[in-house]
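Undergrad: Below you'll find the structure I mean.
The values are calculated or read from the model by the stated rules, or taken from the named source; none is laboratory data. On a predicted model such as this, the values are computed, not experimentally measured, just so you know. Note: ideal-geometry Cβ built from the backbone for every residue, glycine included; neighbour counts use all protein chains shown. Just so you know, the surface numbers come from the protein's heavy atoms only, side chains and all, with ligands and any DNA or RNA stripped out. Shrake-Rupley method; radii C 1.70, N 1.55, O 1.52, S 1.80 Å.
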Amino acid sequence: MRKTIIAGNWKMYKTITEAIELANGLKRELFELDLQRIEAVLCPPYTALSEVSEVITDSTIQLGAQDVFWLDEGAFTGEVSPKMLKDCGCGFVIIGHSERRQYFAETNDTVNKKIKAALKHGLTPIVCVGETLAEREGGKTFSVLEDHVRNGLKEIDGEDFAKIVVAYEPVWAIGTGKTATPAQAQEAHKYIRETLSAMFGADLAQGCRIQYGGSVKPENTRELMIQPDVDGALVGGASLSVQSFAAIVRTAAEVKK
Ligand code: PEP
């Protein structure tokens, strides 16, 4: 059985004070979270990682970062290394988010380097893949997913692959209020799992958790989570409020597969 995983990507929102408040609120709301059923991960901006780590230290909630560089240290102004993220208490890191690909020249090659570096330091990569609207309308959804998965995860062995979480994030559904229909999400997740199966074998692919991301809200969580190949959610906007993120986590925990 794959344990459901819900991650909140706070993007470039929340000062340290606001982040502490949000994390405290979530800690209160999710106090009785059943770890057998679900994992919840908060991904605040770098500036608030240490403080959020302190807030959630005695809870079941986990910490992630939104990006990482691939080297341990050096003259790379503005970058943050996997070692530094571990130092802040992170267990997870989002890699290859479409906003990084779109605005910061992230490519499958840099994604691949970052995944390997994260794994080397014991961080769980949440690897984002997904097509733009033009690609979907041009009938290229599957070829884009195949390209992101095969090249992003190239030269990674089975043992390391088993630690990775994949997030299917159709770019046209991110921050737009447009959600993929449950059928569209399931179709893409199934295709991703088949691609992973061809790369790593059926058993490892069956064990891999694939999150859906793109305008997930409390109201659409259930219909997405009941899809057989949807194992959680990567949540942007709705992760910025205690009520909506807690409702998403609780709803996802109730869905029986
Ligand atoms: C995201 O940033 O990964 C995301 C899915 O955002 P939103 O939920 O706001 O669409």
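Undergrad: In whole Hz, with x marking every Gly and Pro, tabulate ³J(HN,Hα) for region 72-84 from phi via Karplus 6.51 cos²θ - 1.76 cosθ + 1.60, θ = phi - 60°.
TA: So the Karplus estimates, Gly and Pro as x, are 6, 6, x, 8, 9, 3, x, 8, 10, 8, x, 4, 5 Hz.
Undergrad: I would also like to ask the following. Using a 1.4 Å probe, how large is the accessible area of H121, given in Å² and rounded to the nearest 10?
TA: Accessible surface of H121 is approximately 40 Å².
Undergrad: Please give the calculated 222 nm ellipticity per residue for the chain, where each DSSP H segment of at least 4 residues contributes -39500 (n - 2.57) and the sum is spread over every residue; nearest 500 deg cm²/dmol?
TA: Value at 222 nm, helices only, nearest 500: -13000 deg cm²/dmol.
Undergrad: When ligands, DNA and RNA are left out and all protein chains stay put, how many square angstrom of accessible area per residue does the chain have with a 1.4 Å probe?
TA: 45
Undergrad: Going from the alpha-carbon gyration tensor of region 27-67, what semi-axes, largest first and in whole Å, does one get by taking the root of 5 times each eigenvalue?
TA: Sorted largest first and rounded, they come to 19, 11, 7 Å.
Undergrad: So for M199, M12, M84, M225, what's the accessible-area order with a 1.4 Å probe, most first? Intermediate results must be reported in sequence, preceding the final value.
TA: Numbers: M199 55, M12 180, M84 90, M225 5 Å².
My answer, sorted largest first, is M12, M84, M199, M225.
Undergrad: Normalising by the residue count of the chain, find the relative contact order in percent from Cα pairs under 8 Å and 6+ residues apart.
TA: Contact order relative to length: 21 percent.
Undergrad: Work out how far the C-alpha atoms of region 1-94 reach from end to end along every principal axis, then list the three figures in whole Å, largest first.
TA: 44, 35, 21
Undergrad: Which percent of the accessible area of the chain is formed by carbon and sulfur heavy atoms (probe 1.4 angstrom)?
TA: Carbon and sulfur together cover 52 percent of it.
Undergrad: Still on this structure, please answer the following. Classify region 180-249 as rounded, prolate or oblate, taking a ≥ b ≥ c as the square roots of the eigenvalues of its Cα gyration tensor: rounded when a/c is under 1.5, otherwise prolate if a/b is larger than b/c and oblate if not.
TA: Prolate is the answer for region 180-249, as a/c is 1.5 or above and a/b outweighs b/c.
Undergrad: Right, here's the next one. How would Y13, Y191 line up by accessible area, probe 1.4 Å, largest first?
TA: Descending order: Y13, Y191.
Undergrad: Taking the chain on its own, what percent of its Cα-Cα pair distances exceed 27 Å?
TA: Of the Cα pairs, 30 percent sit more than 27 Å apart.
Undergrad: Check cross-link reach from K154 to the aspartates and glutamates: straight Cα distance under 14 Å, and skip same-chain residues fewer than eight apart.
TA: D109, E146
Undergrad: Using the Kirkwood radius over C-alpha pairs as Rh, can you work out the diffusion coefficient of region 216-257 via Stokes-Einstein at 10 °C, viscosity 1.306 mPa s, in µm² per second?
TA: Value of D from the Cα-based Kirkwood radius: 156 µm²/s.
Undergrad: Please give the net charge around K83, taking every other residue with its beta carbon less than 13 angstrom from that of K83, where Lys and Arg add +1 and Asp and Glu add -1.
TA: Summing Lys/Arg as +1 and Asp/Glu as -1 gives -2.
Undergrad: Now a separate question. As a test question: what accessible area, to the nearest 10 Å², does F104 have when a 1.4 Å probe is rolled over all protein chains in place?
TA: 120
Undergrad: Amide H of T4: which non-local residues (sequence gap of 5 or more, or other chain) have their own amide H closer than 5 Å, using H built in the peptide plane?
TA: The answer is E39.
Undergrad: Just need log10 I(q)/I(0) for region 99-234 at q = 0.09, 0.15 Å⁻¹, Debye formula, equal scatterers on the alpha-carbon atoms, no solvent, rounded to two decimals.
TA: Per q value, in the given order, log10 I(q)/I(0) is -0.24, -0.69.
Undergrad: Pull up all non-local amide H partners of T132: gap of 5 or more, or a different chain, and H-to-H distance under 5 Å with H placed in the peptide plane.
TA: Result for T132 returns V171.
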